[in-house]
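Scroll down for the structure; my scribbles are underneath it.
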Amino acid sequence: HLQPTRNPLWSPSHLTIPGGDVSLVVLMANDLAQRWVLVLTSLADGPKHGYALIKDIEQFAGVTLGPGTLYGALARLEDTGLVKALPAQKRRHPYQITAAGTAALTSQLRRDEQITRVGLARIGVQPA
């Protein structure tokens, strides 16, 4: 019987494989959602509040996250320990990437880089 479980740190999937007296847990890293990667990438150069995140992501990725999408992503990232809310500054609520967030982002970007390199090579396009 394979039984999926969730890791609260950054939500990779696990499979628990019963084996008599011993159960093996196999970690299977999930890709971070694209919006999570965008938010973490923006926060990687310092804390930002919501509007600053939206503008920074528009600038470096050409993607506009709506407020609902952004704050939903921030809530999930905070729940999983990848970002933390900082004390409010007037009406602004800044967020900061955590060490776990930096590690998850680094891992995701390395996977994406490998996939990009292989994909471009397979379609005969030289990396920029």
Expected vector for segment 114-125, Karplus 3J(HN,Hα) from phi with 6.51, -1.76, 1.60 and θ = phi - 60°, integer Hz, x for Gly and Pro, equals 5, 4, 4, 4, 5, x, 5, 4, 5, 9, x, 10
Listed by chain and number, the aspartates and glutamates with an alpha carbon less than 16 angstrom from that of Lys55, same-chain partners under 8 positions apart left out, are Asp45
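All of the numbers you see were taken from the coordinates with simple rules; none came from a lab. Since we're looking at a predicted model, the values are computed, not measured.
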